[in-house]
Amino acid sequence: MHKLRYILTIIIIAISAAAVAQQAPMFTNYSNSYACVNPGFGGLSDGINVMGIYRDQWTGFKDANGNAVTPRTMLFSGDMPIKLLHGGLSLSVMNDKIAFEDNINVNLGYSFHMDLGAGTLGMGLAFSMVNRSVDFSKYEPLNPNDHIIPSGEQSDMLLDANIGLFWQIPETFYIGISATNLFESKGKNLSSSSETSSSFVGDRTFYLMAGYEYQFNNPLFVLMPTMCLMTDIASTQVNVGAKLFYNNKIWFGSNYRYQESVALMAGFKIKDIQISYSYDINTMGIAVQGSHEVCVSYLFKMNLEKSPRIYRSIRYL
């Protein structure tokens with residue numbers, strides 16, 4: 001168990017030998033986080049979408065000194081269509097904590113919409129700002145005199161950009177592709193020593209997402225399988241899941257994250273408020289607990305000039 005508790009520390013210290021980067025977090029309710037990772041998604045519904053997710057990963061995970069090092073992530077996002085801009089805007093704020101590292105990410109995006117085939121294509125660009133900080137004094141390296149490892153609390157602001165395409169056919173199918181932290185912006189050196197060029201670096205990440213709505217003969221039941229692939233080239237996460245909706249009010253589902261976890265999900269909808277919960281069961285073969293995730297979303301419907309091409313967001317089925 002003590003070896004397990006040092007895994008997180010060893011990984012972060014190893015990374016800091018050249019640069020300090022972190023893999024982007026992935027939510028089990030990933031279909032609710034598209035406004036954050038794909039700016040092309042912004043404004044593709046018929047109202048103002050507001051959403052919040054809280055994820056507590058590996059609940060209760062501590063290091064050998066009793067410090068809580070479990071990854072915890074909070075995401076708040078919103079998007080809305082703006083007719084004058086021929087598209088929509090999106091805004092997201094995410095706080096991601098893991099061990100003694102704290103990241104605050106703000107994205108402001110614009111999506112241009114155009115008709116493409118039977119659906120609508122959103123082409124998006126977002127401005128990204130990340131405040132990244134790490135308290136290296138709380139880690140215990142094997143060699144405390146190693147000048148390559150930064151010391152004390154270090155922080156920096158990174159500016160970057162995200163791009164994305166998102167195409168959806170009304171209440172039938174969607175597919176999207178995007179890249180975040182496109183330029184992998186590099187921050188200041190974290191040490192005055194000439195022996196190291198260690199610095200914070202933006203974690204460029206690519207996403208591929210897709211979903212399909214299957215309507216049963218009984219109109220009260222709808223099945224929605226989804227998938228999301230996330231990769232920074234060095235590592236890749238693949239999620240495959242499905243949700244079964246009943247009467248557009250309640251749903252149950254599951255999600256499989258390759259070589260990591262199996263999740264059980266459930267949710268319900270009251271008018272335009274949707275609340276969902278998921279629990280990830282660890283399948284990595286090491287003694288860590290599961291992960292809890294809660295998501296609350298709300299759709300402010302807008303009085304838009306309707307046309308046959310305007311439809312509700314596929315997230316709110």
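Considered as a group, the residues in region 70-91 that are touching a Phe, Trp or Tyr at 6+ places or on another chain (Cβ under 8 Å), within 28 Å of Gly60 (Cβ to Cβ) and of a type in the set (Ser, Thr, Tyr) include one that is surrounded by the fewest Cβ atoms within 10 Å (Cβ to Cβ), and that residue is Thr70.
A quick yes/no check of all residues on (1) surrounded by fewer than 20 Cβ atoms within 10 Å (Cβ to Cβ); (2) free of Cβ contacts under 8 Å to residues at least 24 places away in the same chain; (3) more than 19 Å from the chain's Cα centre (by Cα):
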{"site": "Gln154", "(1), (2), (3)": "no, no, yes"}
{"site": "Thr172", "(1), (2), (3)": "yes, no, yes"}
{"site": "Leu182", "(1), (2), (3)": "yes, yes, no"}
{"site": "Phe200", "(1), (2), (3)": "no, no, yes"}
{"site": "Tyr207", "(1), (2), (3)": "no, no, no"}
{"site": "Ala210", "(1), (2), (3)": "yes, no, no"}
{"site": "Ala242", "(1), (2), (3)": "yes, yes, no"}
{"site": "Ser254", "(1), (2), (3)": "yes, yes, no"}
{"site": "Ala263", "(1), (2), (3)": "no, no, no"}
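Does Asp115 fit the bill of being open to solvent by 30 Å² or more (accessible area, probe 1.4 Å) and in contact (Cβ under 8 Å) with a residue 60 or more places away in the chain?
In short, yes.
Conditions tested, residue by residue: (1) at pLDDT 60 or above; (2) open to solvent by 40 Å² or more (accessible area, probe 1.4 Å).
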| position | (1), (2) |
| --- | --- |
| Phe268 | yes, yes |
| Tyr277 | yes, yes |
| Ala287 | yes, yes |
| Glu293 | yes, no |
| Val296 | yes, yes |
| Phe300 | yes, yes |
| Ser307 | no, yes |
| Ile310 | no, yes |
| Leu317 | no, no |
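I'd like to know if region 195-209 contains one or more residues that are over 18 Å from Asn107 (Cα atoms) and modelled with pLDDT of 95 or more. Looking through region 195-209, at least one residue is over 18 Å from Asn107 (Cα atoms) and modelled with pLDDT of 95 or more.
For region 55-67, residues that are over 15 Å from Gly290 (Cβ atoms) and either without any contact (Cβ under 8 Å) to a residue 24 or more places away in the chain or surrounded by fewer than 20 Cβ atoms within 10 Å (Cβ to Cβ) (or both) total 5. Of the residues that sit in region 28-54 and are surrounded by 21 or more Cβ atoms within 10 Å (Cβ to Cβ) and in contact with a Lys or Arg (Cβ under 7 Å, 6 or more places away or on another chain), which one is modelled with the lowest pLDDT? Residue satisfying both the conditions and the ranking: Ser45. Tell me, yes or no, whether region 221-228 has at least one residue that is within 17 Å of Pro39 (Cα to Cα), within 22 Å of the chain's Cα centre (by Cα) and in a strand (DSSP E or B). Yes, there is a match, as at least one residue in region 221-228 is within 17 Å of Pro39 (Cα to Cα), within 22 Å of the chain's Cα centre (by Cα) and in a strand (DSSP E or B). Filtered by the rule that a residue be over 15 Å from the mean Cα position of the chain (by Cα), of a type outside the set (Asp, Glu) and within 18 Å of Met26 (Cβ to Cβ), region 85-120 gives a lone residue, Ala99.
Assess whether Asp232 counts as being touching a residue at least 40 places away in the same chain (Cβ under 8 Å), open to solvent by 20 Å² or more (accessible area, probe 1.4 Å), in contact with a strand residue (DSSP E or B) (Cβ under 7 Å, 6 or more places away or on another chain) and under 30 Å from Lys301 (Cα atoms). It is false that Asp232 is touching a residue at least 40 places away in the same chain (Cβ under 8 Å), open to solvent by 20 Å² or more (accessible area, probe 1.4 Å), in contact with a strand residue (DSSP E or B) (Cβ under 7 Å, 6 or more places away or on another chain) and under 30 Å from Lys301 (Cα atoms).
Count of region 156-170 residues, restricted to those that are aromatic (Phe, Trp, Tyr) and open to solvent by 40 Å² or more (accessible area, probe 1.4 Å), is 1.
The values are calculated or read from the model by the stated rules, or taken from the named source; none is laboratory data. Everything quoted here is computed from the prediction, not taken from an experiment. As a convention, Cβ positions derive from the backbone with ideal geometry for all residues, glycine included, and neighbour counts pool all protein chains shown. Heads up: the accessible areas ignore ligands, DNA and RNA and are worked out on the full protein's heavy atoms, side chains in. Shrake-Rupley method; radii C 1.70, N 1.55, O 1.52, S 1.80 Å.
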